[in-house]
Structures are given as C-alpha cells and as structure tokens.
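Student: After the structure tokens below, expect a handful of questions from me.
Only the coordinates and a few stated rules stand behind these numbers; no lab work does. Because the structure is a prediction, the values reported are computed rather than measured. Cβ: placed from backbone, ideal geometry, glycine included. Neighbour counts: every protein chain shown.
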Amino acid sequence: MAVLEILQVGHPILREHARELSHEELASAEVQTLIDDMIETMHAANGAGIAAPQVGRSLAICLVEIRGNPRYPYLPSIPLTVLVNPKITPRADETFSNYEGCLSVPNLRGRVTRSTEIDLSYLDRSGARTDCVVRGLSAGVYQHECDHLVGALFVDRVSDPRSLTTWPEFERHYKAAFLAELEPLLARWGS
Ligand code: NI
C-alpha cells in the first residue's frame, strides 16, 4: 500500500472523462492495488472520498467513507464503499445547498446544489453489482465523487461564486448558519 500524490486543480487528468473498467481489469492485481492505495491516500488526507483521476488514473473508480471526519464533522457516517463504473440518477427534482470542498482544490469551499435523493448503481471491488438509493447529505458526497469521473470539480457547480470561502473563513463566518440549515435535512433522512 502506498500514499499517492493527489493532483491539484489545473492538472488536465482531472478534466478527462474516466474510462470504465471491464470485470477482468477490475480483478487484476494492478487495479486492486490501485484501490488499496486510494484507500490509504484518502485516509492520509482525511478525505470523505477520493476518485482515481485525483491520483492520476483516468479510471471510473471512486471511494466514499465518512467516519468522524475532521474535515466534515457534521456528515453522517458512511462505511468504506468502493464504487466502480458508478451511475447516479436523481430520483426527484428536490435539491439542497451543500458547502463542498475537495482534496484537489486546496483550502476552498463553496455552495453547490445537489439532489437529495439518488439512485446509485455500481460494481464493488469484487465486481458484484449494487443498486441502492441514497438520501440526504450522503447523496451529496456520492455526487461529488462521481463528478470527478466525468471531469467535473465542485467549483464548476458553484452557482454563486461569492459563496467561495477558505476553510478558516468558513469556520469563522458560515459554519454555524450552515449547520442550522442542515438540521431539517438530517432529521428527515437521517443520512
Ligand atoms: Ni473532490
């Protein structure tokens, strides 16, 4: 296992459409090692998720894990999930306004509109298909990670650039109001 370099905004690989994997490729030692290295890299960076393009591989693989995350302490827990060739379909028109950040966009957060309910379909690292519904704040986490696989960064989705803030300024000026805003969403979905 190895901690990999995380590419930063401006690197062209972050803007590519990631390629889907065949079952054979997914089973290969190379891809299984890549997944292990992505897990270690996400843990080392305290990420809530990471996508293969962020470590320089334009492959449709991303991870999500939330467990007392110091970057996002208000996010509900999500067990470590490896998503290969994921597909997201919004289930309804309803959205919420999230404050997102990204390991590839240092010290910046901003408001992004996300669907509150999604259908999520993916292969796990053994190649087994999972179809599920994700609701609430957790749905935003999956949408952020899957965006990386189509070359999109959260800054592309920031509808009002005046919401952009460094992490310390977020803590100082916006965090309290944002947490209050999330309460009804968390109460409704529990996720
Ligand atoms: Ni990101």
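Student: Within the stretch 67-91, track down each residue that is part of a strand (DSSP E or B), among the hydroxyl-bearing types (Ser, Thr, Tyr) and within 16 Å of the ligand (Cβ to nearest atom).
Tutor: Hit for the stretch 67-91 is Thr81, nothing else.
Student: Quick one: how many residues across the stretch 7-27 are in a helix (DSSP H, G or I) and within 12 Å of Arg57 (Cα to Cα)?
Tutor: 4
Student: Name the residue, out of Arg135, Arg129, that is more than 12 Å from the ligand (Cβ to nearest atom), without any contact (Cβ under 8 Å) to a residue 12 or more places away in the chain and not small (Gly, Ala, Ser).
Tutor: Arg129
Student: So which of Val133, Val141, Val64 ends up being surrounded by 13 or more Cβ atoms within 10 Å (Cβ to Cβ), among the aliphatic types (A, V, I, L, M) and part of a strand (DSSP E or B)?
Tutor: Val64 is the lone residue from the list that is surrounded by 13 or more Cβ atoms within 10 Å (Cβ to Cβ), among the aliphatic types (A, V, I, L, M) and part of a strand (DSSP E or B).
Student: Kindly indicate the residue of the stretch 92-105 that is assigned to a strand (DSSP E or B) and within 15 Å of the chain's Cα centre (by Cα) and also nearest to the ligand (Cβ to nearest atom) among those meeting that condition.
Tutor: The qualifying residue nearest to the ligand (Cβ to nearest atom) is Cys102.
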